[in-house]
Amino acid sequence: MNYVESYYAATANPHAPWPTLQESIQCDVCIIGGGFTGLSAALHLTEVGYDVVVLEAARVGFGASGRNGGQVVNSYSRDVDVIEQRYGKESARMLGSMMFEGAEIIRDRIKRYAIDCDYRPGGIFAALNARQMAHLQKQKTRWQQYGNHDLELLDERGIRREVATERYVGGLLDRRGGHLHPLNLALGEAEAIRRHGGRIYEQSAATDVVYGTPNRVKTAQGEVSATFVIFAGNAYLSPQLEPRLSRKSMPCGSQIVATEPLTPDQALSLMPNNYCVEDCNYLLDYFRLTADNRLLYGGGVVYGAREPADIEALIRPKLRRTFPQLQNVKLDFSWSGNFLLTLSRMPQFGRMEKNVYFMQGDSGHGVTSTHLSGKLISEVLRGDAERFDAFARLPHLPFPGGRRFKVPLTAMGAVWYALRDRLGV
């Protein structure tokens, strides 16, 4: 499998394919999945001397890691106030202390390994009504309590200065957020893994895992014997490979379009400081400018990861509603990608067998939380599980309805929240 026809694939940095595994090999750690979760874990581990093998079923960054909106958004899909309400003050304290760390890891990777991925600082959460604006005011206070003082509340005049639309009543600017070319970040991290001696194999889907000492991960043409195994496939992991990982999660699709290149004046008029934006709706819209002055716009969720018949028909009305001045802009790219959703909207970390771990279910906040998870698993393998276990202890329930009905029931729930968004209540 090759990359989907996205803006990111069309503008990827030159790179050679990685080989396909065709032999039996040994290593310390075998990681299943070559997206941000697997790459982050591999890079953290190779940096401290582990012999690591990454098995990717398609291409590095093939899944959500190379298709997402490219927004570096802090915290998790549920903020620290919800974490405290659901899981208690200690969980909130532990997870809150880490909620800006993923973005810092990304910036460190870019700088340390000179990764060319068009990183730009700054992201805006945009409020469409007074209720959402009140939520952002409370969010600013919470985030400051956990050490982020690079925040600015924007009133109606302030957000119109930053985004040329009349849709929003205000917003919150997070200067520790930002945006980038995610596929080029993934490719740069893969190259850094190679420089540290790690081995990556593409077109090498894991077909079976035999747990033991050592664990054995089989592919169509080869086998890896490893002391440790890490499942990092997220929405693109085959449910048959490890059924236990699919019972409490659900792949969901998100759609994105990229316009033709705008003139520099057009781009400057839309977002003069080049911040990325996401709104505060339950089914949110998100957008940003690319390095070549295209508007990249995404939104909505397709539960169950079905491929929409007409992505442009889904996204263009949203784009026009936000930027009516782009009524007739040409769309050069449209694509879909899957992320893994959990019922709690919190990441799922844990252990399944001796020396076998999993990290999945970032629920739409994967760019930053995957980079954090890679650091945490490296701490576990070096004997310090405290921070990993803060996530692993979170309870995760299955979606209601089981395998057959969880998609329609979740979609029905989303309709209710979408109605609340429209009513502003």
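The values are calculated or read from the model by the stated rules, or taken from the named source; none is laboratory data. Since we're looking at a predicted model, the values are computed, not measured. Because the Cβ atoms are built from the backbone with ideal geometry, glycine has one as well, and the counts that use them run over all protein chains shown. Ligands, DNA and RNA are excluded from the accessible area calculation, which covers all protein heavy atoms including side chains. Shrake-Rupley method; radii C 1.70, N 1.55, O 1.52, S 1.80 Å.
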Using only Cα atoms, tell me the angle between helix 182-195 and the longest principal axis of the chain; keep it within 0 to 90° and round to the nearest 10.
30
At the level of C-alpha centres, the distance separating segment 65-129 and segment 206-245, in angstrom, is 29
Tilt of helix 366-381 relative to the longest C-alpha principal axis of the chain, in degrees (0 to 90, nearest 10)?
30
On a 29 Å Cα-Cα criterion, which of the cross-link pairs Lys140/Lys330; Lys218/Lys375; Lys89/Lys111; Lys248/Lys318; Lys218/Lys354 come out too long?
Lys140/Lys330; Lys89/Lys111; Lys248/Lys318
Spin-label pair Arg321/Arg216, simplified geometry with 7 Å Cα→Cβ offset, distance in nm
5.5
Enter the per residue convex hull volume of segment 194-321, computed from alpha-carbon coordinates, in Å³ rounded to the nearest integer.
195
Per residue, how much accessible area does segment 314-371 show when a 1.4 Å probe rolls over the protein heavy atoms, in square angstrom?
36
What Kirkwood Rh does segment 1-133 have if only Cα atoms enter the pairwise 1/r average? Answer in Å.
17.9
Per residue, what accessible area does segment 52-125 have, given a 1.4 Å probe and all protein chains present, in Å²?
36
Please report the antiparallel percentage of DSSP beta bridges with both residues in the chain, rounded to the nearest 5.
70
Carbon and sulfur atoms: what percent of the 1.4 Å accessible area of segment 262-325 do they account for?
51
Projected area, mean over directions - the chain, Cα convex hull, nm²:
19.0
Counting only protein heavy atoms with a 1.4 Å probe and every protein chain in place, the carbon and sulfur fraction of the accessible surface of segment 54-169 in whole percent equals 46
